[in-house]
Amino acid sequence: MDFYFVLDILGTISFAISGVLVALRMRLDPFGVFIIAFVTAVGGGTLRDMLIGNTPVGWLTDSVYIFTIMASVTFAILFREKLRYLAKSLFLFDTIGIGLYTLVGIEKGLTAGLIPIMCIALGTMTACFGGVIRDILCNEIPVIFRKEIYATACIAGGSLYFLARLTPLAEPYCYILGILAVIGIRLWAVRFKVSLPSLYNEKA
Amino acid sequence: MDFYFVLDILGTISFAISGVLVALRMRLDPFGVFIIAFVTAVGGGTLRDMLIGNTPVGWLTDSVYIFTIMASVTFAILFREKLRYLAKSLFLFDTIGIGLYTLVGIEKGLTAGLIPIMCIALGTMTACFGGVIRDILCNEIPVIFRKEIYATACIAGGSLYFLARLTPLAEPYCYILGILAVIGIRLWAVRFKVSLPSLYNEKA
Amino acid sequence: MDFYFVLDILGTISFAISGVLVALRMRLDPFGVFIIAFVTAVGGGTLRDMLIGNTPVGWLTDSVYIFTIMASVTFAILFREKLRYLAKSLFLFDTIGIGLYTLVGIEKGLTAGLIPIMCIALGTMTACFGGVIRDILCNEIPVIFRKEIYATACIAGGSLYFLARLTPLAEPYCYILGILAVIGIRLWAVRFKVSLPSLYNEKA
């Protein structure tokens with residue numbers, strides 16, 4: 001359990017910081033910044049827990065999440081000038097977050113006895129939902145509808161994890177492979193401006 | 001159970017296609033189209049299952065929903081030119097969807113031991129919530145707040161179902177009556193531009 | 001139980017009326033007004049019940065809520081001219097609502113065996129979520145992101161309640177103290193235009 005727990009906390013930190021960065025750009029007050037960071041970090045896991053009936057949801061019973069978010073927000077606010085100058089930091093924290101949360105969600109799905117395709121759907125939702133709520137609350141175009149590959153990276157990385165489990169590779173390595181696949185695919189897609197084929201005649 | 005299952009699948013297909021039509025109008029990429037179709041088709045049932053504590057929610061445990069949606073999306077994308085030229089097809093699929101889902105929701109409410117008024121509320125939410133999320137994500141005015149009669153049709157059809165159950169009419173006929181009532185009331189309201197009375201002085 | 005039940009009903013009435021006032025300002029039809037009032041009144045408690053796994057959620061099993069909302073909506077629509085002329089009535093009903101719901105949420109958290117900090121988080125969500133959904137559906141800036149102190153008042157009042165419980169003060173008085181603290185802090189903050197310190201250089 002320890003191993004999965006560490007992933008979960010790392011994902012929480014990444015998403016909390018990505019939430020702070022969006023909230024600062026909107027010039028919210030300190031409490032608004034905390035709310036956005038909190039929603040971004042726990043939104044996906046909360047939806048996941050409600051969907052599979054894992055209640056009270058995770059962050060309510062384990063106070064480590066709320067304290068992790070508080071610490072991350074304090075850190076991110078204190079060093080906001082530094083984080084802001086790194087133009088790509090929001091993108092980076094968000095990408096690490098979806099990588100970690102995809103696999104955390106898959107693990108919870110397996111524990112709930114779901115079949116692989118549902119685990120992947122659950123992992124993708126865990127990864128994407130926090131960012132979607134963050135963007136709806138902040139009035140930005142939800143991240144999954146922008147041109148870049150986003151949820152598709154979660155699905156691909158999740159599928160790769162299930163493929164790796166068919167090999168003799170030890171479980172934790174399959175996990176790490178899955179996480180790196182999600183992160184790598186998204187980095188690669190953004191770097192080379194890869195997007196899904198269009199359904200529309202460009203001239204239309 | 002077979003009978004209700006068929007209704008549920010038909011509702012899923014109708015809503016998935018209505019989601020594709022909205023997503024195509026927004027020129028989303030193929031994955032975005034699938035997401036909108038998925039959310040429209042499972043949104044109402046997911047909320048219903050979470051409200052009554054029927055977890056893991058339906059689509060997670062029964063993979064027929066996700067495959068039905070995939071097939072419907074593929075079909076709707078392949079024949080999108082045909083569907084698009086039918087100016088009224090979105091309206092039609094959406095209307096069939098709310099008719100079917102209202103009664104599916106009522107049936108789940110009865111199974112959970114709820115009283116009729118709560119079953120009707122649950123059925124109305126099952127029917128309307130997917131379309132509301134679709135419209136919020138796509139930045140359209142949510143369907144229930146437009147001028148036409150929408151949720152009111154679900155409530156009326158649901159009430160008619162409970163009235164029919166007081167007669168000697170066999171259960172499945174009551175269901176079909178309820179479904180047709182929802183569809184009929186909405187078609188009639190849109191055809192004759194019927195709307196609820198205004199609360200405001202028109203000159204104001 | 002009676003005492004907490006009365007608080008819950010009073011909160012339901014306050015939020016239902018605040019919903020009607022926002023919906024009337026948007027010139028919705030009678031059904032739209034009811035929907036907004038309903039969502040505002042039950043939204044926070046529904047989220048709370050889903051988070052702690054208290055399902056079927058409260059309003060589905062106890063019909064007093066739905067009838068209370070119907071009665072409040074009818075009353076508020078009939079006397080809308082009077083309510084509208086009271087420029088501050090929306091603010092007042094909303095503030096009473098968050099005061100009551102914060103403590104109702106805390107009580108449910110205690111019943112579910114949660115620790116104080118989680119009870120306060122749950123109470124704050126119970127209080128704020130209905131208003132946030134109301135504002136998202138009505139396309140207003142969500143109430144928690146406006147300049148005035150809002151969720152902060154819930155957190156402060158909730159903390160005061162737990163402090164009061166450490167004294168010999170009888171339980172119901174602690175409750176009433178907590179409710180009045182939330183309401184008082186918000187009234188005071190709005191009256192004197194108190195807001196949280198800014199994170200930004202004003203000249204920037």
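The values are calculated or read from the model by the stated rules, or taken from the named source; none is laboratory data. All figures in this text were calculated on a predicted structure; none of them were measured in a lab. Note that we place each Cβ from the backbone using ideal geometry, even for glycine, and neighbour counts take in every protein chain shown. Remember, those area values only see protein heavy atoms, side chains included, never the ligands or the DNA or RNA. Shrake-Rupley method; radii C 1.70, N 1.55, O 1.52, S 1.80 Å.
Overview of results
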{"quantity": "Teacher prompt: residue B:195 distances to equivalent labels in other copies, 7 Å Cα→Cβ, nm", "calculated": "3.6, 3.6"}
{"quantity": "Separation of the residue A:191 and residue B:78 label points, Cα + 7 Å toward Cβ, nm", "calculated": "3.7"}
{"quantity": "Label point 7 Å beyond Cα along the C-beta direction, distances from residue A:117 to other copies (nm, shortest first)", "calculated": "4.2, 4.2"}
{"quantity": "Diffusion constant of the stretch A:1-104 at 25 °C, which comes from Stokes-Einstein with the Kirkwood Cα-pair radius and 0.890 mPa s, µm²/s", "calculated": "178"}
{"quantity": "Burial ranking of peptide ranges B:71-78, A:10-17 (average Cβ count within 10 Å, highest at the top)", "calculated": "A:10-17, B:71-78"}
{"quantity": "Dimensionless Rg/Rh of the stretch B:1-61 - Kirkwood Rh, Rg from C-alpha atoms", "calculated": "1.04"}
{"quantity": "Structure-based [θ]222 nm, chain C - -39500 (n - 2.57) summed over DSSP H runs of at least 4, per residue, nearest 500", "calculated": "-25000 deg cm²/dmol"}
{"quantity": "Trypsin sites (Lys or Arg not before Pro) within the stretch B:98-150: DSSP coil, no more than 16 neighbouring Cβ in 10 Å", "calculated": "B:146, B:147"}
{"quantity": "Binned Cα-Cα distance frequencies in chain B - 10 Å width, integer %", "calculated": "9, 36, 35, 16, 3, 0"}
{"quantity": "Chain A, closest residue to the rotation axis toward B, by beta-carbon, whole angstrom", "calculated": "A:50, 3"}
{"quantity": "In chain A, lysine pairs closer than 29 Å at Cα, eight or more apart or cross-chain", "calculated": "7"}
{"quantity": "Fraction of accessible area attributable to carbon and sulfur, chain C (%, probe 1.4 Å)", "calculated": "68"}
{"quantity": "The stretch A:20-67 and the stretch B:58-122: distance between their alpha carbon centers, rounded to Å", "calculated": "31"}
{"quantity": "Chain A, relative contact order in percent, only Cα pairs under 8 angstrom and at least six apart counted", "calculated": "22"}
{"quantity": "Most fluctuating residue given options C:136, C:120, C:96, as computed from a GNM of chain C linking Cα atoms under 10 Å", "calculated": "C:136"}
{"quantity": "Copies compared at residue C:184 - label distances in nm, ascending, label defined 7 Å from Cα in the Cβ direction", "calculated": "6.1, 6.1"}
{"quantity": "Förster-model FRET efficiency, 30 Å R0, residue B:200 and residue A:141, C-beta, rounded to 0.05", "calculated": "0.35"}
{"quantity": "Shielding by partners - mean other protein chain Cβ count within 10 Å, residues of A:57-64", "calculated": "4"}
{"quantity": "Modelled FRET efficiency - R0 45 Å, residue A:166 with residue C:89, Cβ distances, 0.05 increments", "calculated": "0.10"}
{"quantity": "P(r) of the protein assembly as shown over all Cα-Cα pairs, binned every 20 Å from zero, in whole percent", "calculated": "19, 54, 26, 1"}
{"quantity": "Cβ neighbours within 10 Å from other chains - mean over B:30-43", "calculated": "3"}
